[in-house]
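Structure record follows, encoded as structure tokens.
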Amino acid sequence: MRAEGWKQSSPKKLLAAANALMEADLNQDHSFITCLCIMLSNHGRTLSFERAGHPSPIRIEPESAPQVLKSRGIAIGLQIGCKFEEMLEEVTLFRH
């Protein structure tokens, strides 16, 4: 994940690359990996995340009730190729 993180421009692309690299080994072992991938923009005003089978993150801000940030996502190793990427839903949050 660390090596691919420098190459990829979004959480969705990073998880798709990780799945492509690990799917054969995970499939052989009947294993999978859950992951939450978050990328913060350089200026800090946008945060993008993607879930790969991991529980949904919770957004907590002062003066507001906690908010579960829902999105689709399948664990790494459960689907191969472009089917994996089709099952992901990247979410971007903007800070005012």
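Throughout, read-outs are computed from the coordinates displayed, never taken from laboratory work. Given the structure is predicted, the values throughout are model-derived calculations rather than measurements. No Cβ is skipped: glycine too gets one built from the backbone with ideal geometry, and neighbour counts run over all protein chains shown.
The table below lists the values:
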item: Ellipticity estimate at 222 nm from DSSP helix runs (n ≥ 4, -39,500 (n - 2.57)) divided over the chain, nearest 500; result: -8500 deg cm²/dmol
item: Computed P(r) (all Cα pairs; the stretch 2-96; 10 Å bins; percent); result: 16, 45, 28, 10, 1
item: Dipole moment magnitude, nearest 20 debye, the stretch 2-94 about Cα centre, only Lys, Arg, Asp, Glu C-beta charged; result: 200
item: Positive-pole candidate from Phe94, Cys82, Ala16, dipole of the stretch 2-94, charges at beta carbon; result: Phe94
item: Selection of trypsin sites (Lys or Arg not before Pro), the stretch 1-42, meeting DSSP coil and at most 14 other Cβ within 10 Å; result: Lys7
item: Whole-number percent relative contact order across the stretch 2-94, with pairs defined as alpha carbons under 8 Å at least 6 apart; result: 33
item: Loop sites in the stretch 49-93: trypsin sites (Lys or Arg not before Pro), DSSP, at most 16 other Cβ within 10 Å; result: Lys70, Arg72
item: Ranked list, fewest to most other Cβ atoms within 10 Å of each Cβ, for Ile33, Ile76, Ile38; result: Ile38, Ile33, Ile76
item: Cα-based helix-to-principal-axis angle, 11-28 vs the chain, degrees rounded to 10; result: 30
item: Straight-distance crosslink candidates among aspartates and glutamates, where the alpha carbon sits under 16 Å from Lys13 and sequence neighbours closer than 8 are dropped; result: Glu4, Glu23, Glu50, Glu85, Glu86, Glu89, Glu90
